[in-house]
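One structure is given below, encoded as structure tokens.
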Amino acid sequence: MNAVVKLRDPTPEAAAVQRTRKAAPSDLAGKTVGLLDIGKMRGAEYIDRLEALLQVRGVLTRRYAKPTNTRTAPVPTLQAVATECDAVIIALSDCGSCTSCSTHDLNDLDLRGIPGVSVLTTEFRDAFAKQCGAIGYAGASVFVPHPMQNRTTAELHAFADASVDEVLERLR
Amino acid sequence: MEAVPDFRRHCPMSRANGILAFVKRECETCALVHPLLARLRAAGVPIRGVVQDDPGHFADLAPLDDTALEESFRHDIETVPTLVRIEGGIETGRVVGWQRDEWRDLLGDASIGEGMPAWQPGCGSKSREPGVHERLVVRYGDAGLASREIEVGEWDDPMEACFERGWTDGLPVVPPTDERILRMLAGTRRLPHEVVGRVPPNLAACTVEKVAINAVMAGCKPEYMPVVLAALETALDPIFTMHGLLCTTCFSGPVIVVNGPIAKRIGMNWGINALGQGNRANATIGRALQLIVRNVGGGVPGELDRATLGGPGKYTFCFAEDETDPTWEPLSVARGIAPGRSAVTLFQGDGIQGFIDQRSRTPEEITRSFAMSLAAVGHPKLCQFTNAMLVLSAEHYAIYRNAGWDRARITKELHAALLRPGTELVQGAQGVGEGIDPKRAGEAVPKFWEEGLLIVRAGGQAGLFSAILAGWTGGRFRHESQPVTREIVE
């Protein structure tokens, strides 16, 4: 990503370049967490399992879906999450365009006051960091193994089992 | 003695030994010397034209195309024509404009220029046109700025990037690029690294450079910088209590009143809609101060700015006083600044309370009328609890002026008219819990501290309307929080 414009920091530079993300409620029990499916194939299977695991932990859930992973979420979807949820989990990014767009969605929801975490595959760790850097936002992320498209449903569920605690931890 | 510039590193095109002639087609003096330069070159003198606009026009000078102005910038050319002699990669001589004797010295030929005038000044270099120099500094030089660079991605909108980083007051800001910051810094003689003070609530050190960055973002012109710097220094005077004013649950923010010649010079508004929108200087000077408090001080609403309701004046609230009527003593003069000097006064104020009186004809009537409205500042039953600013319009002032009342008389009479019996004001009186200490029931109670009522002249010529700005509740601590006036140093 080429930087075409350079600005100078108007602050005393006591903080990191990236904006700190919003803090989530310290206890999510009884709170509503939005599960935003970015529209990538197989992602729903991971989210299905994650949803069940959250519910077991007393977290209320609501499902949302983007029409395509290749664009940022439609504004009505973002508005709905902002209106109906206390926090959001965005899953599951395993490509360049979906990583970029879902990171913008994460940032957009944060600016609307909804803290969130993005779930991506390990291959896109750098892309997530770069996109956060370009936006200036210290987004939270959890990484599951790459690739995911050729996995069985059981394997995807296992990813959810293995990551749910980290997802909740990163939300806080 | 200045170091001799070494162009070997930066100027591959113009490092060769010889004479560089910086010229442009649109310059009459360049046209005057062009035939001479061409004859000298044809005769074997190692002259090359460095052409700022139209190299083809100087084809007989083996021209270097300097339409990008890099060579002109690196050689610090201010005037064309300029001759620069290069030997061993460094400059060993320079003549600016057409000066026959100096050209003869530089070129070592006492015969050149016969029949030409002895002297003709040159024209401005294109590299020195307004705004161009700063752009060239950014492109080819060292901007010399210390603040952290923030890179904005290729597909991102810089204006949105400022929003996303939390740098704005909710309205768009001008993206602070080096070019704009350098232009802003040209508005002050103070050095970029100089610390102006520590800005609350985080008490972060604020340099002149940070002031310039925030002034860019606010939309200021460079010529506003002395006012912005003075406003900031005034806000940081401990007696102004900017810290408490920022963090307060009250409505207030800093209200800036500008006096003196600078107000007219930078085009401020003291006339029609003086307290409203539409004038760049009024709007952006007040906004710059607020952005500094936000971005440098960390005074972010909802975090340490805890205003219950806030007010629109917290975006910006800055205006000039109308000093066009010689019978009126300016606010700054009344507060100790010498006449004819520029100054800022900062007042801890809320938004405006309109005052309407279209019937009173005498100074006594209008004074009683003002007192009725001023008594409502904060709460009608609270006294010596806030200060207040009365913005006196032209038509209301005319009632006083025609009766020979000046600022001092008006102030004195308003205080007298604002004395009320304590029995009506104590807590519980008139069936209202709020009020003054019951122990004061037997007193005639003044509404404001003696120095706590500021009067400013502003507004259009038509309209029997004035304005009252309630002060901040911090004003109840008479010796701890006060409005502050300071001279503007240019």
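The values are calculated or read from the model by the stated rules, or taken from the named source; none is laboratory data. Since we're looking at a predicted model, the values are computed, not measured. All Cβ positions, glycine included, derive from the backbone under ideal geometry; neighbour counts span all protein chains shown.
Kindly indicate the residue of region B:113-136 that is surrounded by fewer than 17 Cβ atoms within 10 Å (Cβ to Cβ) and aliphatic (A, V, I, L, M) and also nearest to the chain's Cα centre (by Cα) among those meeting that condition.
B:Val132
A:Cys95 versus (1) crowded, with 23+ Cβ neighbours inside 10 Å; (2) more than 13 Å from the chain's Cα centre (by Cα): which is the lone unmet condition?
Against the list (1) crowded, with 23+ Cβ neighbours inside 10 Å; (2) more than 13 Å from the chain's Cα centre (by Cα), A:Cys95 comes up short only on (1).
Going by what's in this entry, would B:Gly475 be described as of a type outside the set (Ser, Thr, Tyr) and on the phi > 0 side of the Ramachandran plot? Lay out the reasoning, then the answer.
Values: of a type outside the set (Ser, Thr, Tyr): yes; on the phi > 0 side of the Ramachandran plot: no.
No: the conditions fail for B:Gly475.
Output the residue which, of all residues in region A:111-145 that are surrounded by 19 or more Cβ atoms within 10 Å (Cβ to Cβ) and within 12 Å of another protein chain (Cβ to nearest Cβ), is farthest from A:Arg8 (Cα to Cα).
Ranking the candidates gives A:Gly139 first.
Applying the selection to region B:156-191, what residues are touching a Cys at 6+ places or on another chain (Cβ under 9 Å) and either within 7 Å of chain A (Cβ to nearest Cβ) or not in a loop (DSSP other than H, G, I, E, B) (or both)?
Initially, region B:156-191 is screened for residues touching a Cys at 6+ places or on another chain (Cβ under 9 Å), giving B:168, B:172-176, B:184, B:187.
Across region B:156-191, the qualifying residues are B:Pro175, B:Pro176, B:Met184.
How many residues are buried (at least 19 other Cβ atoms within 10 Å of the Cβ) and among the aliphatic types (A, V, I, L, M) if we restrict to region B:37-63?
6
Which residue out of B:Arg39, B:Arg48 is among the basic types (Lys, Arg) and in contact with a strand residue (DSSP E or B) (Cβ under 9 Å, 6 or more places away or on another chain)?
Details: B:Arg39 fails: in contact with a strand residue (DSSP E or B) (Cβ under 9 Å, 6 or more places away or on another chain).
Sole residue among the options that is among the basic types (Lys, Arg) and in contact with a strand residue (DSSP E or B) (Cβ under 9 Å, 6 or more places away or on another chain): B:Arg48.
How do the strands (runs of 3 or more DSSP E) wholly within region A:1-110 filter down when requiring 3 or more residues that are within 13 Å of another protein chain (Cβ to nearest Cβ): which remain? Lay out the reasoning, then the answer.
On the way: elements: A:3-8, A:32-37, A:60-65, A:87-93.
Output list reads A:3-8.
Could you say which residue among B:Glu303, B:Glu323 is surrounded by fewer than 24 Cβ atoms within 10 Å (Cβ to Cβ), touching a Lys or Arg at 6+ places or on another chain (Cβ under 8 Å) and assigned to a loop (DSSP other than H, G, I, E, B)? Give the derivation first.
Details: B:Glu303 fails: touching a Lys or Arg at 6+ places or on another chain (Cβ under 8 Å).
Step by step, each of B:Glu303, B:Glu323 is checked, and only B:Glu323 is surrounded by fewer than 24 Cβ atoms within 10 Å (Cβ to Cβ), touching a Lys or Arg at 6+ places or on another chain (Cβ under 8 Å) and assigned to a loop (DSSP other than H, G, I, E, B).
In this structure, is B:Lys264 surrounded by fewer than 22 Cβ atoms within 10 Å (Cβ to Cβ), in the same structural domain as B:Ala343 (by TED's automatic domain parsing) and farther than 28 Å from B:Gly302 by Cβ? Can you show your working first?
Numbers: surrounded by fewer than 22 Cβ atoms within 10 Å (Cβ to Cβ): yes; in the same structural domain as B:Ala343 (by TED's automatic domain parsing): yes; farther than 28 Å from B:Gly302 by Cβ: yes.
So B:Lys264 passes the test.
Given the criteria surrounded by 21 or more Cβ atoms within 10 Å (Cβ to Cβ), at pLDDT 95 or above, touching a His at 6+ places or on another chain (Cβ under 9 Å) and more than 26 Å from B:Val258 (Cα to Cα), does B:Ile436 qualify? I'd like the intermediate steps shown before the answer.
Working: surrounded by 21 or more Cβ atoms within 10 Å (Cβ to Cβ): yes; at pLDDT 95 or above: yes; touching a His at 6+ places or on another chain (Cβ under 9 Å): no; more than 26 Å from B:Val258 (Cα to Cα): yes.
So B:Ile436 fails the test.
Go through (1) crowded, with 20+ Cβ neighbours inside 10 Å; (2) closer than 15 Å to B:Glu134 by Cβ; (3) not aliphatic (A, V, I, L, M) one by one and return the number of the condition B:Lys221 breaks.
Going through (1) crowded, with 20+ Cβ neighbours inside 10 Å; (2) closer than 15 Å to B:Glu134 by Cβ; (3) not aliphatic (A, V, I, L, M) one by one, B:Lys221 breaks only (1).
What about B:Ala416, is it in contact with a helix residue (DSSP H, G or I) (Cβ under 6 Å, 6 or more places away or on another chain) and either more than 30 Å from B:Arg265 (Cα to Cα) or assigned by TED's automatic domain parsing to the domain that holds B:Leu232 (or both)?
No; evaluated as a whole, the condition is false for this residue.
Could you tell me whether any residue of region B:376-391 is part of a helix (DSSP H, G or I) and surrounded by fewer than 20 Cβ atoms within 10 Å (Cβ to Cβ)? Write out each step before concluding.
Within region B:376-391, the first condition is being part of a helix (DSSP H, G or I), and the residues that meet it are none.
No, because not a single residue in region B:376-391 is part of a helix (DSSP H, G or I) and surrounded by fewer than 20 Cβ atoms within 10 Å (Cβ to Cβ).
Of the conditions (1) free of Cβ contacts under 8 Å to residues at least 12 places away in the same chain; (2) within 20 Å of B:Glu450 (Cβ to Cβ), B:Pro339 fails just one. Which one is it?
Result: B:Pro339 fails condition (2) only.
For residues in region B:192-208 being out of contact with any Ser or Thr (no Cβ under 6 Å at 6 or more places or on another chain) and at pLDDT 95 or above, which is farthest from the other protein chains (Cβ to nearest Cβ)? Show your work before the answer.
So the first thing to find is which residues in region B:192-208 are out of contact with any Ser or Thr (no Cβ under 6 Å at 6 or more places or on another chain), and the list is B:192, B:194, B:196-208.
Right, trim to at pLDDT 95 or above and you get B:192, B:194, B:196-197, B:206-208.
Working: B:Pro192: 11, B:Glu194: 15, B:Val196: 12, B:Gly197: 12, B:Cys206: 7, B:Thr207: 9, B:Val208: 13 Å.
Per the criteria, the residue is B:Glu194.
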